Amino acid sequence: TAHPNSTEARDVRYHLHSYTNARKHEEVGPLVIEKGDGIYVEDASGKRYIEAMAGLWSVAVGFSEQRLVDAATNQMKKLPFYHTFTHKGHSPVVDLAEKLVSIAPVEMSKAYFTNSGSEANDTAMKMIWYRSNALGQPQRKKIISRKRGYHGVTIASASLTGLPNNQISFDLPIANVLHTGTPHHYRDALAGESEEAFATRLADELEQLILAEGPETVAAFIGEPVMGAGGVVVPPATYWEKIQAVLAKYDILLVADEVICGFGRTGNMFGCQTFGIRPDILVMSKQLSSSYMPISALLINEKVYGPLADESNRIGTFGHGFTAGGHPVSAAVALENLKLIEERDLVGNARTVGAHMQKRLHELADHELVGEVRGVGLIAGVELVADKAAKAPWKNVGALGTLVNGYIQENGVISRNMGDTLGFCPPLIITEKQVDQMVDAVKKALDTALPQVKG
Ligand code: PMP
């Protein structure tokens, strides 16, 4: 079956793709990416794109970092695999644990390694449940997440995820998972409600939920500092402060899902620093290794570690772990990647070039098809509407985003449509000039779409 982006006809019948209209895909085929170079990727026909999503919010250092290739190759040659079960380990994972604890935004006791963001969030859930059992509080199992939050796709992590697409067809969420309101001022605030008043209302909503369930049954709250896949939702002023005050009142653990925000994205090493979040468990992946190799990790504080470690808990050792968790090649790549982020001050770049990106994208806010531009550092969302006053979609939700996203791709930039919000999350090495090229492509796409929508 021939498809447009390939130099040769490829048979597309044998690969089921994620989040893809399967029947349509049989006709059009995938955009086949063959090569990467800095912030660019190149498809099979030789067309080059700015990868403005860093390949699913991932590739901090760009797509052609020789030092990560060398780190992987050297580790492959020396020790291609070993595990971390039952008092075994290897140098890269020992060093990475030490490094992560040393750069944690709050005091943390231990690092624990898994292979994906979903697995890490499953692991967080099991640690929380184990802890409640160990503390003799077996009724304390409920975990509160947020509508539009994204925490992964396994049975447990998809339950935490608050997006209908990840739940309805799978009979999720499972028991003990609850969802509270989304901190999206543009969509969910009342007319004339200030950011602070909106944040207060969300904190009240959380407290009411806790009281209705019984505080003694609620173990933890999980949230992303900035929601990513839910449409780049930046919380309103004072939100995290107020949420944390409620959690502290009922002694409820806080899990920060830093899978997207971690390692510079918001202009600080962690999103927790940008928003004053003090988590008990911090979950990370993606930019940890720039996704050159799969790896994820949790940092846990003494409150979580103590009951897991304590011999007196009568439950036995923490019976959980993955064969490839903390894989030596992944850990070696992650260590080198963190070195690069520090040496090249990519966190500083996210702050300065990020400010430029926010400024340039905000210039689009006046466009007739743009409802809201939001973001911080090098992550942003541009929410599209057909009717600005009514904040109303074109045809159905997602149609305008798909249309404009297609034109952006034609213009040589890869962005991501979520609902009707276009996501921008370029590699942290992007320059101001490249940001300008990216924004020009977006502006041109909006102008191309306009007569179709308003015509
Ligand atoms: N948490 C967040 C905040 C994420 O953005 C993602 C992935 N987009 C995940 C968890 C799940 O990670 P993975 O796809 O590696 O399972």
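The strands (runs of 3 or more DSSP E) found entirely in the range 350-455 that carry 1 or more residues being of a type in the set (S, T, Y) and outside the structural domain of V226 (by TED's automatic domain parsing) are 421-424.
Scanning the range 294-316 for residues that are modelled with pLDDT under 85 and not in a helix (DSSP H, G or I) yields D310, R314, I315, G316. For the range 231-281, taking the residues that are of a type in the set (K, R) and farther than 20 Å from E205 by Cβ, the one that is farthest from the ligand (Cβ to nearest atom) is identified as R278. Being assigned by TED's automatic domain parsing to the domain that holds S285 and surrounded by 13 or more Cβ atoms within 10 Å (Cβ to Cβ) holds for only one residue in A44, A72, A54, and it is A72. Taking the residues in the range 253-269 that are within 12 Å of the chain's Cα centre (by Cα) and not charged (D, E, K, R) as candidates, determine which candidate is surrounded by the most Cβ atoms within 10 Å (Cβ to Cβ). So, considering only residues that are within 12 Å of the chain's Cα centre (by Cα) and not charged (D, E, K, R), the one surrounded by the most Cβ atoms within 10 Å (Cβ to Cβ) is C261. Among the candidates A71, A97, the residue that is touching a Gly at 6+ places or on another chain (Cβ under 9 Å) and in a helix (DSSP H, G or I) is uniquely A97. Within the range 182-229, being aliphatic (A, V, I, L, M) and either closer than 24 Å to Q273 by Cα or at pLDDT below 95 (or both) holds for A197, A199, L202, A203, L206, A219, A220, I222, V226, M227, A229. Could you look through the range 282-293, keep only residues that are within 13 Å of the ligand (Cβ to nearest atom) and not in a strand (DSSP E or B), and pick out the one that is farthest from the chain's Cα centre (by Cα)? Selected residue: M293. A residue that is in the same structural domain as T114 (by TED's automatic domain parsing) and assigned to a loop (DSSP other than H, G, I, E, B) cannot be found anywhere in the range 328-340. Is it true that some residue in the range 261-271 is over 24 Å from A237 (Cβ atoms) and either assigned by TED's automatic domain parsing to the domain that holds T123 or touching a Gly at 6+ places or on another chain (Cβ under 7 Å) (or both)? Looking through the range 261-271, at least one residue is over 24 Å from A237 (Cβ atoms) and either assigned by TED's automatic domain parsing to the domain that holds T123 or touching a Gly at 6+ places or on another chain (Cβ under 7 Å) (or both). Of the residues making up the range 90-103, those that are of a type in the set (A, V, I, L, M, F, W, C) and buried (at least 20 other Cβ atoms within 10 Å of the Cβ) number 4.
Quick check, is N133 at pLDDT below 95, surrounded by fewer than 23 Cβ atoms within 10 Å (Cβ to Cβ) and over 26 Å from the mean Cα position of the chain (by Cα)? Answer is yes for this residue. In this entry, Y239 passes the filter for residues that are assigned by TED's automatic domain parsing to the domain that holds T161, hydroxyl-bearing (S, T, Y) and closer than 30 Å to V59 by Cβ.
G89 satisfies every condition listed in (1) more than 16 Å from the ligand (Cβ to nearest atom); (2) assigned to a loop (DSSP other than H, G, I, E, B); (3) within 28 Å of V153 (Cα to Cα) except (3).
For the range 153-187, a residue qualifies if it is in contact with a Pro (Cβ under 6 Å, 6 or more places away or on another chain) and touching a residue at least 24 places away in the same chain (Cβ under 8 Å), and the qualifying residues are P183, H185. Elements of the type helices (runs of 4 or more DSSP H) sitting completely within the range 106-221 and holding at least 1 residues that are small (G, A, S), under 18 Å from P307 (Cα atoms) and within 16 Å of the ligand (Cβ to nearest atom): these cover 117-134. Looking across R140, R148, one residue alone is of a type in the set (K, R) and in contact with a Gly (Cβ under 8 Å, 6 or more places away or on another chain). It is R148. The set of residues from the range 150-205 being over 30 Å from Y19 (Cβ atoms) and surrounded by 18 or more Cβ atoms within 10 Å (Cβ to Cβ) comprises F198, A199, A203. Checked against (1) more than 12 Å from I222 (Cβ to Cβ); (2) without any contact (Cβ under 8 Å) to a residue 60 or more places away in the chain, N133 passes all but a single condition, namely (2).
The values are calculated or read from the model by the stated rules, or taken from the named source; none is laboratory data. The structure displayed is predicted, hence computed values, not measured ones. Because the Cβ atoms are built from the backbone with ideal geometry, glycine has one as well, and the counts that use them run over all protein chains shown.
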